[in-house]
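Just below is one structure, and these are the notes that go with it.
No lab work stands behind these numbers, since they all come straight from the coordinates. Because the structure is a prediction, the values reported are computed rather than measured. Cβ placement follows ideal geometry from the backbone for every residue including glycine, while neighbour counts extend to all protein chains displayed.
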Amino acid sequence: MSSVTINPMKTKLIQKPWFWGIAFVLPLWLFISFHNDLFGHWHKFWPVSLTMFFGAFMAGATSEGGGAFAFPVFTLILKISPYVARDFSWMIQSVGMTCASLVLVMRKHPLFKAGLFSPLIGSFISTSFGYFLANQFTPPTIKIFFVSLWLAFLFAYILILKKPQTNSTHQDLALIQWPLILTGLVGGIFSGLVGSGLDLFTFSVLVLYYKRDIKEATATSVILMALNSLMSITGLWLFKGFSTQSLWMWWAAIPVVAFMAPFGAWFVEKGQPRWVFALLAMSIIVQFFAAFILLKLNSIHYLMSACVIAISFSFFIALSRRKS
């Protein structure tokens with residue numbers, strides 16, 4: 001029998017962080033843009049492109065989805081509706097984090113398979129519930145909930161960085177892990193509310209509870225959020241459709257995220273992620289205090305923020321105290 005010969009040059013090419021953007025995303029984006037004469041509208045949406053330049057890199061390099069970086073900028077500074085920002089988060093993550101995921105897969109980056117399969121089951125059930133739940137809250141409430149949740153996660157990330165890291169030489173567990181299915185249920189609700197959150201909780205559970213390596217957990221959470229975003233925009237397209245504003249924002253950001261998210265994923269493999277923590281921490285702290293300065297809040301908002309931080313931080317502390 002004749003064996004199939006794999007060209008080493010071709011293999012190296014598809015592993016490059018810029019390959020998928022140049023080979024597939026950019027040509028398709030240019031064709032659609034020229035065919036529909038879309039370039040005349042770009043000047044209206046350049047802040048979106050600029051925001052996602054940084055957000056997409058953070059999405060590929062950390063457990064923070066691109067929408068998590070963009071959501072507070074859009075809602076607090078650009079005054080975009082949180083519902084539009086949420087839909088945009090799914091739409092843009094379906095491009096950027098998918099490209100980043102392809103880089104990770106092609107480079108055979110270590111992954112925790114149960115960390116993909118089990119949370120995805122939970123999120124499949126709960127994301128739509130979070131989506132409809134968001135309609136029951138006012139925009140300021142959703143914004144405060146978002147920034148409070150991420151501040152609690154910052155505390156958890158500090159706990160993670162202080163823990164000694166392993167090389168993840170242990171074998172994967174069974175694909176069905178009930179703690180991770182529950183993680184997917186909770187994270188899916190948050191993803192339905194603000195467009196991200198599943199990756200945050202899964203990353204935290206993988207490192208603090210399952211004691212996985214930070215790089216492995218980050219790569220797993222990137223691929224998981226790509227799959228969740230693809231699932232979410234499919235449901236959004238089938239049952240509601242996309243708003244005109246979110247489509248324009250998506251179009252403006254596509255060529256940026258197709259390059260920057262894979263570079264972030266490449267950094268996960270090649271670099272030390274600790275310096276990215278400084279940028280991540282700064283963005284979380286700034287967006288938290290900006291929300292309290294820019295928004296008109298009442299006592300209920302302050303109480304809700306305190307409860308979200310306390311409950312989330314207690315949850316992360318409990319995870320970190322589990323013994324291997």
Checking rank on 72-78, 290-296, 227-233, 194-200, with mean other Cβ inside 10 Å and highest first, the result is 194-200, 227-233, 72-78, 290-296
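Among 245-251, 50-56, 215-221, how do they line up from the highest to the lowest mean number of other beta-carbon atoms within 10 Å?
So the peptides 245-251, 50-56, 215-221, ranked by packing, come out 215-221, 50-56, 245-251.
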For Phe34 and Gln136, extending 7 Å from Cα along the Cα-Cβ vector and measuring point to point gives, in nm, a value of 5.0
In this structure, the FRET efficiency calculated for Lys296 and Thr244 from their beta-carbon separation, with R0 = 41 Å, to the nearest 0.05, is 0.90
Extension length gain for Val286 and Ser81 (0.36 nm per residue less Cα distance), in nm, is 71.8 nm
The distance between the Cα centres of segment 86-133 and segment 201-236, in whole Å, is 6
Burial-style ranking of 202-208, 79-85, average other-beta-carbon count within 10 Å with highest first, yields 202-208, 79-85
Each label sits 7 Å from Cα toward the beta-carbon; between Leu230 and Leu182 the label points are separated, in nm, by 2.9
Expected sort for Trp46, Trp29 with the fewest Cβ neighbours (10 Å cutoff) up front is Trp46, Trp29
Under the Karplus relation with 6.51, -1.76 and 1.60 and θ = phi - 60°, whole-Hz ³J(HN,Hα) for segment 256-264, x at Gly and Pro, equal 6, 6, 5, 9, 6, 5, x, 5, x
Surpassing 22 Å at the alpha-carbon level, of the pairs Lys44/Lys143; Lys113/Lys211; Lys113/Lys240; Lys44/Lys240, are Lys44/Lys143; Lys113/Lys240; Lys44/Lys240
So the FRET efficiency between Ala23 and Lys113, C-beta based with R0 = 22 Å and rounded to 0.05, is 0.20
One would report the Cα pair-distance distribution of segment 11-320, bin width 10 Å, in %, as 6, 29, 38, 21, 5, 0
